[in-house]
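> Below is the structure I would like to discuss, written out as structure tokens.
Nothing in this text is a laboratory measurement; each read-out follows from the coordinates by a stated rule. Given the structure is predicted, the values throughout are model-derived calculations rather than measurements. For neighbour counting, all protein chains shown are included, and Cβ atoms are generated from backbone atoms with ideal geometry for every residue, glycine included.
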Amino acid sequence: MEVSVRDYERFLAGKVRTVPPVGFVPLTELNPLLFDWQAAIVTWAVKRGRACLFADCGLGKTFMQLEWARLVAEYTLGKVLILSPLAVSQQTLREAERFGVTCDVGVSRDGSMDHAVTITNYELFHRFDVSACSGVVLDESSILKNYTGKIRTSIIDGFADTPYRLACTATPAPNDHMELANHSEFIGAMSRAEMLATFFCHDGGNTSQWRLKGHAVETFWRWVASWAVTMRKPSDAGFSDDGFALPQLNIIDHEIPTDMPPVDGELFAQPAQSLNEQRRARRATLTDRVSNVAELVNASSEPWVVWCELNDESTALAASIPGAFEVTGSMDSATKEARLEGFSSGLYRVIVTKPSIGGFGLNWQHCARMAFVGLSHSFEQFYQATRRCWRFGQKRDVEAHIAVTDLERAVAKNVRRKQADHETMANEMVGYMADSLKEQLHGVTRNVDIYMTEKAEGDGWTLHLGDCVDVASGMESESVDYSVFSPPFASLYTYSASPRDMGNCGERETFMEHVAFLVGELFRVTKPGRLCSFHCMQLPSTKEFDGEIGLKDFRGWMVEAFSRAGWIFHSEVCIWKDPVTAMQRTKAIGLLWKQLRKDSTISRQGIPDYVVTMRKPGVNAEPVSHTMEDYPVDRWQRIASPVWMDINPSDTLQRESARADKDERHIAPLQLEVIRRCVELWTNEGDLVFSPFAGIGSEGFVALREGRRFVGAELKASYFEQARRNLSIATAQMELEL
């Protein structure tokens, strides 16, 4: 089977993670009141069809989403639904009137969609027949994380067939990359599980903590940039920042002393650590904290937003601040909306509410003073609450007063830490996506990954830096006597971000399609009757990625791929591995001793390695024969055993110098004794041994030491360099021994 270069390049192009556009070119002129960068973003989003807009507060997301909705309604002659937080519906309608949006825009609460663009609240989403929508906008889409999984899923699933979708928020995740998954799923870019499998990993046994793979960082952000625009200010997109300078945000702490007695056995009251201890401290100091904030507000004639966490705090604040209006969770939606609107319009001077109620979407630039009567650990709520006033369009410095007890320093410290994390993440997002953003909006060409190739040669060996499929396709037919290698184990071991990396696959089907290109070339270059051995293991399945805990038959997948290409399943050997070592490394629940006491039906054996050998049909023209001295009976019995119990897992070449800065996993080269046994058993001296995944040169090192010739291919430059050194060492050792 000869690989078609065109087919292979087409396949590789399909592996590059982007979200293809499904939109259209606007049919009419855009609203002339849009800033140039707003017009560029709206045009981009319409052409994308399904997109996300992550623009900081005050950059005009409402205006942009209204214009996007108008264009979709006009193009499809259909209905567009805008879902917004409580009280934002009327604010959005006022924005439409203010900017002269040239289509019929209205608010609905009963499920009717009598307007081209209908605005409603998230809470009323269930009343609408979303199948009648040709477009949908999620305003303040990060609010999805505050809903129960059922409601969030119903929104994502409910609009799965809606042709045009737009999600808008200041940030999808103030301090958590994972929240990007909600947006990715909403627009149909990738499911959460697939996103994790492709770009993220977790360390040790903490399977709930995911982080970006080091080598996947830039690839991840390029993928996000294919469906999202991220900007904190216009210059992030290559435009002028004139008129968009944030005023100062001054955070002022007010530490309230507590008179709480120490617990038994302690001389002093200790800082509140647990949630119960923090609640106890808050309730014990409620009067003092309320008094502190009320004194600040009552001494001022300015508008104030007072944020609280407890219902008792809200009641006490409203009673202590003349003219203050509460907005509580127990109120009906109409009352909540009316009071929030009253503050927005200047009817009320002081509003008292929780960040979870009034912290999303509302524009309160008329107010530059706020107070927090205590804090929760949620930085997102703190971030969104401060952004109601501290946003582009605010003309004055903003003061945020925080009243916490002396026992709650840990809470304030945690919020500060998350704030620093958010700044880092937001800057990373903008930095990584800047070139892509300018390319999307200005047509500026950005640098892309360059596929590098190189060839190194020595006495009896040739090593290629490059794609193993390309290397194999350039080799002569029926020129290889034996191949031995350890392939990437699907997405379990992804060594680079290149689409040419076989391990860089999000699902089994893509991996197997990639493998098929190589297996066919291996069949072509191998001599009739000769063998090919691959090292592998079964793969653990997880609830996160696979929906269940178990094993995936990776060994079977590989055997099937070879069989389809015409190979014959020749033999296999199981290599024993210590389950204690595996348990300590992976913390797999099935290997934990404590699991036996809970439910041993979850317990399982460790996962061994296999060396599977395939044979090309035909008659071997050069028999491989051995003497009794080579294989005395006791040695042959050990080699012929279907299980090798005596393989030292540490019997490998030096590997640390080959690790690149962004490698996520230690290189796991095949043990030298395993290679030695295979090469000795199935090749003659002078035979050509091929490894399409040469790594740091383990197969070549052994082949040369055993008097064979070697050809290898390696995609990763750092591994290639180490392999070149190791192969040179092997030939030098051979010369010294001669």
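> Could you give me D for the range 1-85, from Stokes-Einstein at 20 °C and 1.002 mPa s, where the hydrodynamic radius is the Kirkwood radius over C-alpha pairs? Units µm² s⁻¹, please.
Here the translational diffusion coefficient equals 141 µm²/s.
> Write down the percent of antiparallel bridges among all DSSP beta bridges whose residues are both part of the chain, to the nearest 5.
Restricted to the chain, the bridges split so that about 25 percent are antiparallel.
> Using only Cα atoms and rounding to the nearest 10 degrees, what angle (0 to 90) does helix 88-98 make with the longest principal axis of the chain?
That helix lies at roughly 80 degrees to the long axis.
> Right, here's the next one. Compute log10 of I(q)/I(0) for the range 1-156 with the Debye formula, placing one identical point scatterer on every Cα and leaving out solvent, at q = 0.12, 0.16, 0.20 Å⁻¹, to two decimals.
For the range 1-156 at q = 0.12, 0.16, 0.20 Å⁻¹, log10 I(q)/I(0) is -0.56, -0.90, -1.33.
> Can you give the FRET efficiency to the nearest 0.05 for Leu347 and Arg94, using r as the Cβ-Cβ distance and R₀ = 22 Å?
E between Leu347 and Arg94, to the nearest 0.05, is 0.95.
> Tell me the label-point distance for the pair Leu736, Ala160, using the 7 Å Cα-to-Cβ offset, in nm and rounded to one decimal.
6.4 nm
> How do the peptides 76-88, 589-601, 695-707, 507-519 rank, highest first, by the average count of neighbouring beta carbon atoms within 10 Å per residue?
My ranking of the peptides, most packed first, is 695-707, 76-88, 507-519, 589-601.
> Still on this structure: Which value, in debye to the nearest 20, describes the size of the charge dipole of the chain about its Cα centre when Lys and Arg Cβ atoms bear +1, Asp and Glu Cβ atoms bear -1, and nothing else is charged?
1000 debye
> Moving on to the next point. Most exposed first by the Cβ proxy, i.e. fewest other Cβ within 10 Å, how do Asp467, Asp288 rank?
Asp288, Asp467
> Still on this structure, please answer the following. Nearest 0.05, what FRET efficiency do Asp288 and Asp7 give at R0 = 60 Å with Cβ-Cβ as r?
My answer for the efficiency is 0.25.
> Within the P(r) computed for the range 322-417, what percentage of the Cα pairs occupies the region above 15 Å?
63 percent
> From the Cα trace of the range 350-403, what convex hull volume per residue do you get, rounded to a whole Å³?
Roughly 78 Å³ of hull volume per residue.
> Moving to a separate point now. Which one, Ala193, Ser600, Gly106, projects farthest toward the positive side of the charge dipole computed for the chain from Cβ point charges (K/R +1, D/E -1)?
Final value for the positive-end residue is Gly106.
> Still on this structure: Rounded to two decimals, what is the ratio between the C-alpha radius of gyration of the chain and 2.2 N^0.38 Å?
1.18
> Taking K and R as +1 and D and E as -1, what net charge do the other residues with C-beta under 11 Å from the C-beta of His535 add up to?
Around His535, the surrounding residues sum to -2.
> Taking the alpha carbon gyration tensor of the range 513-577, what are the square roots of 5 times its eigenvalues, largest first, to the nearest whole Å?
Computed over the range 513-577, the values are 27, 15, 8 Å.
> Give the Rg (one decimal place) followed by the Dmax (whole number) of the range 454-737, computed from C-alpha coordinates and expressed in Å.
Using the Cα atoms of the range 454-737, the pair Rg, Dmax is 19.0, 60 Å.
> Treating the angle as unsigned and between 0 and 90°, give the value, to the nearest 10°, between the Cα long axis of helix 717-737 and the longest Cα principal axis of the chain.
Relative to the chain, helix 717-737 is tipped by roughly 20 degrees.
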